[in-house]
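Right, one structure below, let's go through it.
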C-alpha cells in the first residue's frame, strides 16, 4: 500500500470520558487506515464508540470530560494532533466533514438553509458572500432541492430533505474525507435509499473517501468497499467487504450476521448474541467480548492484538494464534 | 402577521376589562369617604352630596363602574381629588420619568446579564460560572430598595460622585437604573445561562463546529441567536417587574414618576388618581408586552411562519 | 392461590415507594453544598423566630422607647446599634424574623392552595374551563405585582393578615400556571386513561393520580414562592403599606431608618441584610430542591 495514497492514517486512538460516575473508556487503541476514494463501513452496536471515533477525527470530542490520546492521526499527510485550534478550523468542513445522525436537529432553526450551506463555502474558499450564496443554491440543486428554496428555514423541510441539506453542507467544499454517522437511521426506508444513492454519486464525483458509521449491515454491503467491525471501543475485525461478509473470522461478527433474518428460510430462528454490551466504565480484562462469546477460552483474558489473516483481512481474536486450528462455524463454511 | 396582531389586540380587551373591574372594586373598598374628606369643613350634608354628584361619585358601585368606563372610552380618567387636575394630565406629566427609569434599568440588566450568562454557560462549572451564579443569586434575593439605599450611602453620601435623588440630567438616572436593573439582571443571568447551556448541547452547534466555524462565531452567532429566544419571551415580564419595582425605587430616589404618584394617591385617599394610575400602568404594560410578542415572532422564523399563513 | 403469593400488602408497597422517593430526593439534595447552607439558614431562622418570640417581651424589649439611648452606634451592648427611639436593633431584627417568615409561609400557603387547584382544574379539564382560568390569571398578571399588592392593602386596611392575603393573592396566577404546565404532560398519559377505565371520578383522579405526578414543579415553586413573598411583603412594608408601626417588621424598620441614612446608615443596613439573607436562603433551598427532584434538569 502506497503511503501517499492514504487519506487517513490513525494509530492507537484512545478516547475516554472522565465523569463523576467513573472513567468511560469509549475508544481503546483503535487503528484505521483509509485509502483515497474508498469507503469504509464502521459497524457496531450503540455505544461501541463509533461516533466518538468520528468526533475524535474532527478533534471535536468535548473536553472536559473527554480525553483523546493518539500515536498518529494524519489526514492526507497532515498531522491533526499538532494542529492549533485555528488550523483545525481550516480543515474542518473543508478536508474532513461530517454528516450527523439526526437531520431533524442538525440544522440551526434560526438560519435559512442557504445561509448554512453558504457559511461553509464562505469560510473555506476565497469567494465573496454573494458568490458563496450562489454556490449554496447550486449545491441544493445537486442534492435535488430547487435552488430557490435556499431562502427557507429548516422547519419548512421534511426529514429527508433536511438530510439532503446536511449532505450539501458536508460536501460543499469537496472534502477529502466524509464521515457519515448513521445518515439514514432517522429516515423512512424509501427515503433511505434515495439519500444513500445521492451520497454515493456525489462521493464518486468528488473522489471523496467515506467512513460510513452504521449498524445496518445491508447499507454496508451496498456502498462500502471495506468493513471495520467495532466492539467496546475497538475494531475486532477489518477487511474487504468479501473478507468480512464471506470469510467471517471474529465471533462477534458472526453473531451480528446470525442476528439478521435469512430471506431464503423465513422460518429459521434468529440466533441473537446473548448478554449485553459491557459497561464502558468497567471493561473486562482481555477481550471485551469474552463474557458473551460462545468460543471463549482461558487465553481470552490476555490483551488482544490484531491477527493478520490476509493482506486485507485482520481479526482481533487471540484464539487464532493460541489455539491451533481454531475456526468459527460461519468461517468453517468458507475457509 | 396582521391577523395575529389584530387577534392579540382583541384578546387584550377582556383582560383589560377584568383589570378595570378588579381595580375599581378594590379601590371602592378602601375605607373613608373621600368626598367628605376633601369638602370644606363647614360644608353641609347637602353640599357634600351635591359635590359627590358633580364628581360623578354617587350611586351604586355598578352604576359608577359603567359611568367610569364610559368616560374612560373618551380618554377621561376623572379628576384627581388632591391635585384638582385631570388624572390623565397628572399621569402624562409623570410617566416619562418612569419610562426613562424602567428602560434604563432594562439596559443595565441586559448589559450585565447577557455577557455574564454566556460566560457562565461557556465556562460551565468553572470559577467564572460559580461567580456569576452567586452574583445572580444575590441580585435575585436582594430587596431593591435596600440596594438603592446602600448605593446612595456609598456613591452619593460618602463619595459624592452621583446625586442621591431627584431628576437632573443623565447622572441622576444612573443609581436608580442600576438599583432597579440589578434584580432583573439576576433573573436574566440565570435564564441566559440555562438557555445557553441548553443550546450549546444541540446538534446544530456541533454541525457548525464541524463546518470549521470558529468557537467565537459558534457561540455568538449560532448559539446566541437561539438562546435569545427564551430571553425575549420573558422580556415582557421583565418589563412588568421593572415597572412594578419602580414604585419602591422612585420612593428611594425621590424620582418624580408614576410609581411614587400611585403611592402618594393611595396614602392621600385620592381614589380616582390611584385607580387611573394602576389602570394606565397596566394598559401600558399590556401594550408593551404585545409589542414584545410581535418582536419575538419576528426573531423566531418558526413562529413568524405560523402566523403569516 | 394468588393472594398467598403476595408478600407485601399494597399499603406496605406504597409506604416503601414514598420512603424511597423522599430518600432519593434527600440523597440528591445533600450533594449540593449551597442547598445545604440554605436549608441550615432557613432552620436557624425558624429557631431564632421561635426563641425570640418567647425570650423577649414585646411591650418592653421591642417597642418601648428609651430616648436616652437613641441612635447609638453598634457596640458590645447593642451589636446592631439602637434606633431613633433608643430601641436595640439587634433584638428587633431577631424578633422581626417571625413577621417575614410567617408572611412568606402563609402567603405561599394561600397562593399554592388557590393557584395549584385552579391550575390542576385548568390543566385536567381543558377547554372552556381552562380558557376561563387562564384569562383570569392574565388579568391578575397584567397588574404589576407591587401595584396589585398596594391596591389590596389599600382596600382592606393595614394589618399582618391583610399583608399575608395581599402577598398570597398576588402570586396565585403564578402557581396556577405552574400547576397547569405540570399537569399538561401528565393528562394524556395512559395511566390516567386507565384510572378513568377503573371508574375513578375526576376528584380522585386529580388528587390521587395527576397531582402526585406533577408535584415536583409545584414544590419548587413553593420554596421560591416563600422567597418572593417575603420580598414583596417587605416592599409593601417599605412603602408604609405593610404591618403598621411600631412592629419590628424588617421592611418597615428599613423605611423608618431612611431619614437617618446620612449619619446612621446601620439603621437601614441590618434590617435589609436580614431580608436578603432570608430570601437568599429560601432561594438556595428552592434551587437545591429543583435539582434534587429532577436530576435531568441539573446544569
Original post:
Scanning the stretch A:275-303 for residues that are in a loop (DSSP other than H, G, I, E, B) and over 26 Å from residue A:21 (Cβ atoms), which turns out nearest to the chain's Cα centre (by Cα)?
Top reply: A:293
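Can you work out which of the residues in the stretch A:138-157 that are in a helix (DSSP H, G or I) and under 23 Å from residue B:203 (Cα atoms) is nearest to the other protein chains (Cβ to nearest Cβ)? Reasoning before the result, please.
Narrowing the stretch A:138-157 to residues in a helix (DSSP H, G or I): A:138-142, A:147-151, A:154-156.
Filter once more, keeping what is under 23 Å from residue B:203 (Cα atoms): A:139-140, A:149-151, A:154-156.
Details: A:139: 13, A:140: 16, A:149: 14, A:150: 14, A:151: 11, A:154: 8, A:155: 5, A:156: 7 Å.
That would be A:155.
Which one of these is under 22 Å from residue A:59 (Cα atoms), facing chain B (nearest Cβ under 8 Å) and without any contact (Cβ under 8 Å) to a residue 12 or more places away in the chain: A:97, A:82, A:120, A:86? Quick ask: steps written out before the conclusion?
Details: A:97 fails: without any contact (Cβ under 8 Å) to a residue 12 or more places away in the chain; A:82 fails: facing chain B (nearest Cβ under 8 Å); A:120 fails: without any contact (Cβ under 8 Å) to a residue 12 or more places away in the chain.
Step by step, each of A:97, A:82, A:120, A:86 is checked, and only A:86 is under 22 Å from residue A:59 (Cα atoms), facing chain B (nearest Cβ under 8 Å) and without any contact (Cβ under 8 Å) to a residue 12 or more places away in the chain.
Got a sec? Which of C:273, C:289 is assigned to a helix (DSSP H, G or I), facing another protein chain (nearest Cβ under 9 Å) and over 30 Å from residue B:30 (Cα atoms)? Can you show your working first?
Values: C:289 fails: facing another protein chain (nearest Cβ under 9 Å).
Going through C:273, C:289 in turn, just one is assigned to a helix (DSSP H, G or I), facing another protein chain (nearest Cβ under 9 Å) and over 30 Å from residue B:30 (Cα atoms): C:273.
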Original post:
Restricting the search to the stretch C:45-76, which residues are touching a helix residue (DSSP H, G or I) at 6+ places or on another chain (Cβ under 7 Å), surrounded by 14 or more Cβ atoms within 10 Å (Cβ to Cβ) and assigned to a helix (DSSP H, G or I)?
Top reply: C:45, C:46, C:48, C:49, C:52, C:61, C:62
Subject >> Positions within the stretch C:255-264 being surrounded by fewer than 19 Cβ atoms within 10 Å (Cβ to Cβ) and either facing another protein chain (nearest Cβ under 8 Å) or under 20 Å from the mean Cα position of the chain (by Cα) (or both), in sequence order >> reply: C:258, C:262
**OP:** Evaluate the stretch B:271-288: report whether one residue or more is surrounded by 20 or more Cβ atoms within 10 Å (Cβ to Cβ), in contact (Cβ under 8 Å) with a residue 40 or more places away in the chain, assigned to a helix (DSSP H, G or I) and touching a strand residue (DSSP E or B) at 6+ places or on another chain (Cβ under 8 Å).
**Re:** yes
Original post:
Can you name every residue in the stretch A:29-48 that is part of a strand (DSSP E or B) and in contact (Cβ under 8 Å) with a residue 60 or more places away in the chain?
Top reply: A:29, A:30, A:31, A:32, A:34, A:35, A:39, A:40, A:41, A:42, A:43
Original post:
In the stretch B:228-248, which residue that is at the interface with another protein chain (Cβ under 10 Å from one of its Cβ atoms) and over 16 Å from residue C:143 (Cα atoms) is surrounded by the most Cβ atoms within 10 Å (Cβ to Cβ)?
Top reply: B:228
Original post:
Among the residues of the stretch B:256-263, is any more than 14 Å from chain C (Cβ to nearest Cβ), in contact (Cβ under 8 Å) with a residue 12 or more places away in the chain, within 22 Å of residue C:254 (Cα to Cα) and surrounded by fewer than 24 Cβ atoms within 10 Å (Cβ to Cβ)?
Top reply: yes
**OP:** Consider only pairs whose beta carbons are under 8 Å apart and that are at least six residues apart or on different chains; among these, list those whose first residue lies in the stretch B:142-153 and is part of a loop (DSSP other than H, G, I, E, B) and whose second residue is surrounded by fewer than 22 Cβ atoms within 10 Å (Cβ to Cβ).
**Re:** B:142/C:276; B:143/C:276
Subject >> residue A:7, sole failed condition from (1) farther than 19 Å from residue A:181 by Cβ; (2) not in a loop (DSSP other than H, G, I, E, B) >> reply: (1)
Subject >> Number of positions in the stretch A:59-92 that are part of a loop (DSSP other than H, G, I, E, B) and either farther than 13 Å from residue A:177 by Cα or modelled with pLDDT of 90 or more (or both) >> reply: 14
Original post:
If you scan the stretch B:68-83, which residues turn out to be within 15 Å of residue B:55 (Cβ to Cβ) and touching a helix residue (DSSP H, G or I) at 6+ places or on another chain (Cβ under 9 Å)?
Top reply: B:68, B:76, B:77, B:78, B:79, B:80, B:81, B:82, B:83
**OP:** Kindly indicate whether residue C:252 is part of a helix (DSSP H, G or I), more than 8 Å from chain B (Cβ to nearest Cβ) and at pLDDT 85 or above.
**Re:** yes
Subject >> Complete set of residues in the stretch C:140-181 that are at the interface with another protein chain (Cβ under 7 Å from one of its Cβ atoms), buried (at least 21 other Cβ atoms within 10 Å of the Cβ) and part of a helix (DSSP H, G or I) >> reply: C:142, C:145, C:146, C:147, C:150, C:151, C:152, C:154
Original post:
For the stretch B:165-177, does any single residue satisfy the condition of being within 13 Å of chain A (Cβ to nearest Cβ), over 17 Å from the mean Cα position of the chain (by Cα), surrounded by fewer than 21 Cβ atoms within 10 Å (Cβ to Cβ) and not in a helix (DSSP H, G or I)?
Top reply: no
Original post:
With (1) modelled with pLDDT under 90; (2) more than 7 Å from chain B (Cβ to nearest Cβ); (3) surrounded by 19 or more Cβ atoms within 10 Å (Cβ to Cβ); (4) assigned to a helix (DSSP H, G or I) as the list, and residue C:268 as the residue in question, which single condition is left unmet?
Top reply: (2)
Original post:
Out of (1) out of contact with any helix residue (DSSP H, G or I) (no Cβ under 9 Å at 6 or more places or on another chain); (2) crowded, with 20+ Cβ neighbours inside 10 Å, what's the single condition that is false for residue A:71?
Top reply: (2)
Original post:
How do the pairs read when you match residues in the stretch B:180-194 that are without any contact (Cβ under 8 Å) to a residue 40 or more places away in the chain and away from chain C (no Cβ under 12 Å) with residues anywhere that are in a helix (DSSP H, G or I) and surrounded by fewer than 24 Cβ atoms within 10 Å (Cβ to Cβ), using Cβ under 7 Å and keeping only pairs 6 or more apart or on different chains?
Top reply: none
Original post:
Would you say residue B:29 is surrounded by 18 or more Cβ atoms within 10 Å (Cβ to Cβ), under 30 Å from residue C:159 (Cα atoms) and modelled with pLDDT under 85?
Top reply: no
Original post:
Of the residues A:105, A:51, which single one is within 29 Å of residue A:156 (Cα to Cα), in a helix (DSSP H, G or I) and in contact with a strand residue (DSSP E or B) (Cβ under 8 Å, 6 or more places away or on another chain)?
Top reply: A:51
**OP:** Show the residue pairs that are 6+ apart or on different chains and have beta-carbon atoms under 7 Å apart, the first residue being within the stretch C:78-107 and under 14 Å from residue C:277 (Cα atoms), the second being in a loop (DSSP other than H, G, I, E, B).
**Re:** C:93/C:80; C:96/C:248; C:96/C:249
**OP:** Look at residue A:26 and say whether it is in contact (Cβ under 8 Å) with a residue 12 or more places away in the chain and farther than 12 Å from residue A:233 by Cβ.
**Re:** no
**OP:** Report yes if some residue within the stretch A:74-85 is over 18 Å from the mean Cα position of the chain (by Cα) and within 25 Å of residue A:311 (Cα to Cα); otherwise report no.
**Re:** yes
Original post:
Is the stretch A:41-63 home to any residue that is more than 30 Å from residue A:241 (Cα to Cα) and surrounded by fewer than 22 Cβ atoms within 10 Å (Cβ to Cβ)?
Top reply: yes
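The values are calculated or read from the model by the stated rules, or taken from the named source; none is laboratory data. This is a predicted model, so every value here is computed, not measured. We place every Cβ from the backbone using ideal geometry, glycine too, and count neighbours over all the protein chains shown.
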